[in-house]
Amino acid sequence: MELSSCGVPGERRSGFFSWKRKALAIAGALLTMGSAALFGASAATADTSVQVIVWTTGSENIVGDVASVGGTVIQQFSIINGVEATVLSSEVAVLSAMPGVNVTPDISVNVQSTTPSTGPHTPSDAFLAQTGATQLAQAGDTGRGVTVAVVDTGISNLPDFAGRLVGGVDLSGEKNAFQDSYGHGTFVAGLIAGNGASSNGQYSGEAPGANLVSIKVAGADGTTKLGTLISGLQWAVNNEGTYNIKVLNISLGFQPDRSTVNNPLDLAVERAWGSGLAIVVSAGNSGPFNGTITSPGDDPLVITVGALDDLAQATVANDEMNNFSSVGPTSPDGWVKPDLVTSGRSIVSLAAPGSTIYNNYPSARIGSGNFVGSGTSFSAAITSGAAALVLANNPSYSPNQIKADLLGGAGPGPIGNPFVDGHGALNAYAASIAPSSVNFNQSTTGETSTSNGTTVPLWNGNSWNGNSWNGNSWNGNSWNGNSWNGAAFNGNSWNGNSWNGNSWNGNSWNGNSWNGFTFNGNSWNGNSWNGAAFNGNSWNGNSWNGNSWNGNSWNGAAWNGNSWNGNSWN
C-alpha cells in the first residue's frame, strides 16, 4: 500500500567518529545471531532493500545511524525516537549492532475481525443492556464531551456521527480520513458512538454522545504497515489537545515475536498512555490457544479486550467465550491478558456502503445502513465507548483511573480464568458510578515507563493480586496440580540429563551452528537432535504420556467443551 511520507532526509555523519562507529558495528554484526535470516538475506541471495523501523531508548542520532549505512529515512517518529527507513538487507546486521540501536522489520498489520457472519444466533445489540450502557443513557450519560480517536481504516461521514466527527487524518495514502474504503473503521466507530440515525434509532453504540476522531492508517484491503500505525499514534499524541482526545481505540494487531521491551509498537502505546491517552486494544482472533494475544494488546499498560458471546440476550447469565478470542499469557513475556471481555459475536453496527466488506459480504447487511460482524475488534470498540461513559462522569480521570474502574467494575466472566476472560465481563454502569478499589498507581517492583516527563507504573499493584488472580483458576488444580508441579516438570525430563546433559550445554547450543546464519549444521541434524535426549525417556516417558498430558487439564471442559467443538469452530 502507498505510505504517507514525512520525507525527512538522512543526516550523514562524517569524519573519524563515523568510520570508527561503523567499524565497531561491522565487528559486532559478525557475532549477531540470525539477523540476516530475519530480514530474508543470506550469503547465497542477492542484496535487496528492506523497510525497517529503527529506534533507540537512549540519545542516539538514529537519522545519522541510518545514513551511515547508506539507508534512506522515510519518516521520523518523535514518539519513540526512531524512524521508518529503507536499508540494504546486508546492512541490517551492521545497523542492529550499533550500540543502543534497535531494528525491527516494518511488517504488515491487520484489522482484528473475523469473516462477517450471523453466527449461531440472531444479530443483536444486546451489549448495550449487558454492559449497562442503556441504563446510563437513561440517566443522561451518553459520553457527551469525550473524544475517542479510532486508529483504523477511516470513518465514513454518516448521519450517525453528525456534528460529532470532529477531526482526522489519512495516513493510508487515500487522502480522505472520512471515507472508509474497507468498512472496518466505520463499524468500530458505530459501536463506540453511533446514535442510531441510520437505523431509525434501532441500533446505536455504547456512547452515542461521544465525539470521534478518525486516524486512518489502512485502505481498501484492511492492512497497513507497522510504521504507519506508529505514525498514527504519534499524530494522536500531537493532536490530543486540539481535539480533546482522551481515549484511543486500536482494533489492529500482529503476532509478536519479541518482548514488549523490544517492540516499537508497544513502546509507542506506552508513550501515548503516558501522555494522557487511555488506549483500548483488541486481544486478537487467534484463540483458543495460550500465547495468542496480538501486539499491542500484549503490552501491560493498555486495556486489552477479548470477545465473549452474549447469545443476543440482555442477561449475562448464559454468556460464553468465543473460541476465536486470543488467550494469554502473552508470548514471550508471560503477561496476564486479556484484561476483560465483552460482546464480540454477531453484533450489529454501521455499514460503510461501497466498502470492501460491504460489497464482499452482502448476506451480512442488515437493512441499508447496518452490518453484522464478529471479532475482538468490536469488543475493544464497545470498551472504548464504555471508557467514554466513565470519563463523562469523571472528566478529570487519568488513563490509570479509567482502567482501574473498568477492571474493578467488571462482573464475573464466562470462564473465570484470567488468561481467557481476564478480570471478567465489562460492566460500564458499575465502572461509571463507583470508584474502583483497584489501585493501578501502585508498582510493587518499581517498574515504570516514562514519557514526556510523565512516569506511569507497570501493572504490578493490586490488580495482579486481587480476587480474580487468586481464585481457583489461578491456584487450582490446573496450576498447582500434577500437570504443573508433578512429574512432568520436576521429574527427569525437566531436571534430568536431557536438560543438563551435553545436548543442552554442549557444542550444539554454544557452537557455531547456533550463532551462525543457518539452521542446517550438525547441531540441528546431528546427535543432539536425534539422540537419546530427544528419543529417550524425556520424550516418550511419563512426562508426555503421564497425567500431565492425559489428565484433567487437557481433557476437561475447557478442551472438549463448547468453545472447541461448538458451532464457532465447525
Those residues of segment 180-223 which are β-branched (Val, Ile, Thr) and either under 22 Å from GLY132 (Cβ atoms) or surrounded by 24 or more Cβ atoms within 10 Å (Cβ to Cβ) (or both), in sequence order: THR186, VAL188, ILE192, VAL213, ILE215, VAL217
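In the list GLY209, GLY167, which residue meets the criterion of being of a type in the set (Gly, Ala, Ser), farther than 19 Å from PRO353 by Cβ and not in a loop (DSSP other than H, G, I, E, B)?
Numbers: GLY209 fails: not in a loop (DSSP other than H, G, I, E, B).
The match here is GLY167.
If you scan segment 354-377, which residues turn out to be in a helix (DSSP H, G or I) and open to solvent by 10 Å² or more (accessible area, probe 1.4 Å)? Walk me through how you get there before you give the answer.
Keep residues of segment 354-377 that are in a helix (DSSP H, G or I), which gives 356-360, 362-364, 376-377.
Correct list: THR356, ILE357, TYR358, ASN359, ASN360, PRO362, SER363.
Tell me, yes or no, whether segment 332-341 has at least one residue that is under 24 Å from the mean Cα position of the chain (by Cα), within 29 Å of TRP273 (Cα to Cα) and of a type in the set (Val, Ile, Thr).
Among the residues of segment 332-341, at least one is under 24 Å from the mean Cα position of the chain (by Cα), within 29 Å of TRP273 (Cα to Cα) and of a type in the set (Val, Ile, Thr), which makes the answer yes.
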Criterion violated by ALA177 - all others in (1) without any contact (Cβ under 8 Å) to a residue 40 or more places away in the chain; (2) open to solvent by 20 Å² or more (accessible area, probe 1.4 Å); (3) under 17 Å from THR228 (Cα atoms) satisfied: (2)
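Give SER396, SER374, SER346, SER363 a once-over and let me know the one that is in contact with a Pro (Cβ under 6 Å, 6 or more places away or on another chain), of a type in the set (S, T, N, Q) and over 23 Å from THR260 (Cβ atoms).
Values: SER396 fails: in contact with a Pro (Cβ under 6 Å, 6 or more places away or on another chain); SER374 fails: in contact with a Pro (Cβ under 6 Å, 6 or more places away or on another chain); SER363 fails: in contact with a Pro (Cβ under 6 Å, 6 or more places away or on another chain).
Unique residue meeting the criteria: SER346.
Kindly indicate whether ASP266 is without any contact (Cβ under 8 Å) to a residue 60 or more places away in the chain and in contact with a Pro (Cβ under 6 Å, 6 or more places away or on another chain). Talk me through it step by step, then tell me what you get.
Details: without any contact (Cβ under 8 Å) to a residue 60 or more places away in the chain: yes; in contact with a Pro (Cβ under 6 Å, 6 or more places away or on another chain): yes.
In short, yes.
The values are calculated or read from the model by the stated rules, or taken from the named source; none is laboratory data. Here the structure is a predicted model, which is why all the values come from computation and not from measurement. Note that each Cβ is placed from the backbone with ideal geometry, even for glycine, and that neighbours are counted across all protein chains shown. Accessible surface areas use protein heavy atoms only, side chains included; no ligands, DNA or RNA. Shrake-Rupley method; radii C 1.70, N 1.55, O 1.52, S 1.80 Å.
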